[in-house]
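Beneath this line is the structure, given in C-alpha cells, with notes to follow.
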Amino acid sequence: MKILVCVKRVVDYNVKIRVKADGTGVELANVKMSMNPFDEIAVEEAVRLKEKGGAAEIVAVSIGPAQAADTIRTALAMGADRGILVKAEGTVEPLAVAKILKGVVEAEQPDLVILGKQAIDDDCNQTGQMLAGLLGWGQGTFASKLEIADGQASVTREVDGGLQTVGLTLPAIVTTDLRLNEPRYASLPNIMKAKKKPLEEKSAADFGVDTTPRLEVLKTAEPKGRQAGVKLGSVDELVSALKGAGLV
Ligand code: AMP
C-alpha cells in the first residue's frame with residue numbers, strides 16, 4: 001500500500017499571532033513556522049501503518065514556498081520515504097490545493113491519502129473533503145481511529161455527541177483529528193538521514209492549476225480583548241450576579 005500525506009507549513013502553534021498594522025493579514029515576518037499540527041498526526045499515522053507492515057511507501061507532499069521543503073524534511077525525519085514540493089507563492093486556497101493534490105494523486109496512485117482535518121492558519125477544514133469530491137473517492141474525516149484490512153479502511157470519526165464509524169473502500173481520503181495518535185519527535189539521526197531522502201520539486205502549472213485566490217480578504221482584525229473579571233465573595237453573590245446578568 002502506498003500512502004500520500006499532505007503537510008502544510010503554517011505559523012507555529014505556540015506563536016502569539018499579531019495582525020499587521022494595516023489590517024491586510026497576519027504578520028509573517030520573522031515568525032516561527034512549523035508543520036500544521038494535524039499534519040504531524042497524519043504523518044505519524046502513516047508511519048505507524050508502515051511499521052505495522054501495512055504500507056510500502058509514504059510520500060509527503062506540500063504546496064507552498066521554497067521553505068515548505070523544511071516541512072517536508074520534518075515528515076521525512078518522522079519516517080516518510082520521499083517528498084514532493086509543489087512550489088506556489090502567496091495564499092493558495094483549499095480548492096487550488098485540492099486540485100493540485102488531485103494531480104499528485106493521479107501521478108502517484110496512492111491507496112490512501114491522509115490530511116489534517118484543518119490547517120491552523122486559516123482554519124478552513126475543506127481540503128480533504130474537496131479532494132475526495134474531485135477524485136470521487138470515499139472520505140473519513142475527523143478520524144480518531146483508523147484500521148486498514150482487506151482493501152478497506154475503518155474510520156472512527158469524532159462527530160457531535162459521540163463517535164461514528166464508517167467503512168471506506170480504498171483508495172480513500174482520511175483526515176485526522178487530535179485524538180488519532182500522539183506524533184513522535186524526529187530523532188537527530190533521523191533528521192540527518194532525512195536530508196538524503198529524495199525531494200522532488202514541481203509547480204502548480206505542472207498540474208495545470210491556477211492558484212489565483214477566488215476570495216478577497218477585506219479586513220483582518222484582532223479579537224476583542226476580554227473585559228476584566230470580578231472576584232465574588234460567596235456562592236450567593238455569584239448566583240445573584242448571574243441572575244442580574246440574565247444568565248440563570
Ligand atoms: P484546510 O482545508 O486548509 O483547513 O487544510 C486541511 C488539510 O489539508 C491540512 O491539514 C493539510 O493536510 C492539507 N493542506 C492544506 N493546504 C495544504 C498545502 N498548502 N500543502 C499541503 N497540504 C495542505
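The values are calculated or read from the model by the stated rules, or taken from the named source; none is laboratory data. Owing to the predicted nature of the structure, the values given are computational and were not obtained by experimental measurement. Cβ sites come from the backbone with ideal geometry, for glycine too, and all protein chains shown count toward neighbours. Heads up: the accessible areas ignore ligands, DNA and RNA and are worked out on the full protein's heavy atoms, side chains in. Shrake-Rupley method; radii C 1.70, N 1.55, O 1.52, S 1.80 Å.
Legend: Rg and Dmax of the stretch 1-72, from Cα coordinates, 15.3, 52 Å. Computed about the Cα centre, the dipole magnitude for the chain is approximately 500 debye when only Lys and Arg (+1) and Asp and Glu (-1) carry charge, each at its Cβ. Only Lys, Arg, Asp and Glu carry charge here, each on its Cβ (+1 for the first two, -1 for the last two); on that basis the stretch 49-188 has a dipole of about 180 debye about its Cα centre. Its relative contact order, with pairs defined as Cα atoms under 8 Å and 6+ residues apart, puts the stretch 2-244 at 24 percent. Which one of N181, V86, S234 is farthest out on the positive end of the charge dipole of the stretch 2-244, using unit charges on Cβ (Lys, Arg +1; Asp, Glu -1) and the Cα centre as origin? Of N181, V86, S234, it is S234.
Of the GluC sites (Glu not before Pro) found in the stretch 189-248, those that fall in a DSSP loop while having at most 11 other beta-carbon atoms within 10 Å are E216. Of C6, C124, the order by accessible heavy-atom surface (1.4 Å probe, DNA, RNA and ligands excluded), from most exposed downward, is C124, C6. Each Lys and Arg Cβ is given +1 and each Asp and Glu Cβ -1; about its Cα centre, the stretch 1-89 then shows a dipole of about 40 debye. For M33, the amide hydrogen comes within under 5 Å of the amide hydrogens of D12, counting only partners 5 or more places away or on other chains and with H modelled in the peptide plane. Per residue, the convex hull spanned by the Cα atoms of the chain amounts to 187 cubic angstrom. Ranked from largest to smallest solvent-accessible area, with a 1.4 Å probe on the protein heavy atoms, T141, T220 come out as T220, T141. Ranking of S240, S203, S62 by solvent-accessible surface, largest first: S240, S203, S62 (1.4 Å probe, protein heavy atoms only, all chains present). Bridgeable lysines around K52 (alpha carbons under 17 Å apart, same-chain partners fewer than 8 residues away excluded): K2, K145.
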